[in-house]
Every structure is written in structure tokens, then in C-alpha cells.
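To keep things clear, I will list the structure first and then write my remarks on it.
The values are calculated or read from the model by the stated rules, or taken from the named source; none is laboratory data. A quick note: this is a predicted structure, and the numbers were derived from the prediction, not measured. Note: ideal-geometry Cβ built from the backbone for every residue, glycine included; neighbour counts use all protein chains shown.
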């Protein structure tokens with residue numbers, strides 16, 4: 001894979017040249033120090049990539065000559081992460097790791113134990129920040145698909161309205177939670193195939209409340225244990241998404 005990656009939405013699917021935005025130009029030329037003649041992959045976050053050569057290293061409008069276009073094959077499954085908002089900058093790290101793992105959609109949630117509450121302006125700024133974090137992660141890891149990041153939603157309302165998933169999971173510290181492997185095996189046996197769309201909810205500091213867990217069960221979520229230790233939010237999200245992705249990649 002070439003050393004440099006940049007994000008752009010070309011005006012046409014088959015451009016001869018691509019001019020980057022000032023932000024992307026600065027990152028490519030000033031930060032990554034790309035020079036004319038270097039190979040650069042331009043991606044649109046939707047699976048299309050253009051293999052290019054840097055023709056002009058203008059810091060506010062770098063120009064690239066397109067060699068050819070390629071289309072990435074999407075994963076045979078899609079994971080949605082429903083993440084209760086943690087304190088501090090942890091959500092940025094969660095978004096980065098989720099992008100690296102290949103999550104298709106991220107839903108930020110306000111739960112009963114969420115300790116930060118965002119008004120509309122702060123929520124919009126946070127979403128912009130998380131989208132930037134996802135873009136940075138996609139450049140670094142080579143993921144040609146950017147996850148959709150939705151507006152912040154109430155956890156209870158989201159649980160009740162979540163539809164269209166083969167499997168709905170919720171991480172739990174409460175007694176009676178099952179292992180992921182057991183739940184996936186049960187689905188495989190009953191459906192004759194692995195799940196293709198999976199929603200996984202991760203709680204805030206202190207986990208979801210007993211009332212929220214009860215509602216999740218009535219809404220069709222399967223409680224999943226992440227082991228005997230209490231994990232930090234960002235650790236729980238990364239762990240859960242990693243083991244789920246591994247199991248789905250290797251499902252028969």
C-alpha cells in the first residue's frame with residue numbers, strides 16, 4: 001500500500017485530476033511531507049479509491065493525477081456500535097478503534113448513568129470531532145469505509161426502536177450474561193448462517209442500570225459477558241468489537 005492516503009469526494013467517478021481541500025492538502029503536504037511524484041491513495045469513505053501521483057504540492061490545494069480507480073469489497077457483515085457516552089476524551093479513542101476494526105455505524109447514547117449531557121450545539125461539535133477522529137483512523141489503517149456517526153440518542157429510546165438487525169447484543173456485568181461464542185453458535189444453528197447485521201451496546205462507567213438491562217431484554221437484546229473483570233469503557237468497546245469481528249470473519 002502506498003505511504004500516503006487522503007480523503008476527497010471527487011465530482012465524478014472517473015476524474016483525471018483531483019484537487020484536495022485546504023485541510024487535506026495541509027495534512028498531506030505539510031504534515032506527512034508528500035512531494036511531487038509520490039503515490040497517494042485518495043478515498044471517499046464509501047469504498048472507492050483512486051491511485052494517484054502527487055502533481056502539485058500546494059499546501060492549500062494539492063493536485064493529484066489519477067492513475068486508476070479501484071473499488072474495495074465491503075465486509076460480509078456490518079457491525080453497529082451503540083456506545084453510552086463516557087467521560088473525558090474516551091469517545092474519541094473508541095471511535096478510532098471502531099473505525100480500525102471496521103464498524104459500519106456508531107450510535108452515541110445517553111444512558112441513566114451517563115455523566116455528560118450535550119445540548120444541540122455541543123452535540124454537533126462533538127460529532128464533527130468524532131468524524132475527524134474516524135477519518136484520521138481510516139487514513140492510518142487503510143480502511144476505505146468511514147463509519148456513519150449518528151446524532152446522540154437516548155439509550156432507552158434507541159433500545160426500543162432498534163430494528164433490522166440479525167442479532168442485538170448488550171455487554172453486561174449483571175448475572176446471567178452469556179458468552180459471545182454461545183450466542184453466535186445458537187444463531188448459527190437456528191438460522192443456518194452467521195449473522196450479517198449485529199448491534200452491540202456498550203454501557204457507561206458503572207454499566208447500564210438494572211432497569212435498562214431489563215428493557216434491553218424485552219427489546220430483544222442478548223446480554224453478553226466480557227469476562228470477570230470490570231473494564232474501562234474504551235477497553236470494553238475495543239474488546240467487544242474485536243472478538244465479534246474475529247468471530248464473524250471466521251464464521252462458517
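Based on this model, can you work out whether residue 211 counts as in contact with a strand residue (DSSP E or B) (Cβ under 6 Å, 6 or more places away or on another chain), part of a helix (DSSP H, G or I) and either touching a residue at least 40 places away in the same chain (Cβ under 8 Å) or crowded, with 21+ Cβ neighbours inside 10 Å (or both)? Don't jump to the end; show me each part of the working.
On the way: in contact with a strand residue (DSSP E or B) (Cβ under 6 Å, 6 or more places away or on another chain): no; part of a helix (DSSP H, G or I): yes; either touching a residue at least 40 places away in the same chain (Cβ under 8 Å) or crowded, with 21+ Cβ neighbours inside 10 Å (or both): yes.
Considered against the rule, which asks whether it is in contact with a strand residue (DSSP E or B) (Cβ under 6 Å, 6 or more places away or on another chain), part of a helix (DSSP H, G or I) and either touching a residue at least 40 places away in the same chain (Cβ under 8 Å) or crowded, with 21+ Cβ neighbours inside 10 Å (or both), residue 211 comes out as no.
Return the residues of the stretch 228-241 that are touching a residue at least 12 places away in the same chain (Cβ under 8 Å) and either within 18 Å of residue 197 (Cβ to Cβ) or not in a helix (DSSP H, G or I) (or both); say none if nothing qualifies.
Filtering the stretch 228-241 for residues touching a residue at least 12 places away in the same chain (Cβ under 8 Å) gives 230, 232-234, 236-241.
The answer is 230, 232, 240, 241.
Can you tell me which condition residue 88 does not meet? The list is (1) in a strand (DSSP E or B); (2) surrounded by fewer than 16 Cβ atoms within 10 Å (Cβ to Cβ), and all the others hold.
Exception for residue 88: condition (1).
Looking at (1) at pLDDT 95 or above; (2) more than 10 Å from residue 59 (Cα to Cα), which is the only condition residue 20 fails?
For residue 20, the failing item is (2).
Condition first: under 19 Å from residue 151 (Cα atoms) and either assigned to a loop (DSSP other than H, G, I, E, B) or touching a strand residue (DSSP E or B) at 6+ places or on another chain (Cβ under 9 Å) (or both). Now tell me which residues in the stretch 91-101 satisfy that.
Result: 91, 94, 95, 98, 99.
Looking at 44, 92, 57, can you tell me which residue is over 26 Å from the mean Cα position of the chain (by Cα) and on the phi < 0 side of the Ramachandran plot?
Working: 44 fails: over 26 Å from the mean Cα position of the chain (by Cα); 92 fails: over 26 Å from the mean Cα position of the chain (by Cα).
Answer to the check: 57.
Quick one: which residue in 136, 148 is surrounded by fewer than 17 Cβ atoms within 10 Å (Cβ to Cβ) and under 13 Å from residue 108 (Cα atoms)?
Answer to the selection: 148.
Report yes if residue 82 is modelled with pLDDT of 95 or more and either outside the structural domain of residue 12 (by TED's automatic domain parsing) or not in a strand (DSSP E or B) (or both), otherwise no. Talk me through it step by step, then tell me what you get.
Details: modelled with pLDDT of 95 or more: yes; either outside the structural domain of residue 12 (by TED's automatic domain parsing) or not in a strand (DSSP E or B) (or both): yes.
Answer is yes for this residue.
What residue, of 169, 199, is under 23 Å from residue 247 (Cβ atoms), in contact with a helix residue (DSSP H, G or I) (Cβ under 8 Å, 6 or more places away or on another chain) and modelled with pLDDT of 95 or more?
Answer to the check: 169.
Hand me the list of strands (runs of 3 or more DSSP E) wholly inside the stretch 1-77 holding 2 or more residues that are exposed (fewer than 14 other Cβ atoms within 10 Å of the Cβ).
Working: elements: 4-7, 17-19, 39-43, 48-56, 63-71.
Per the criteria, 63-71.
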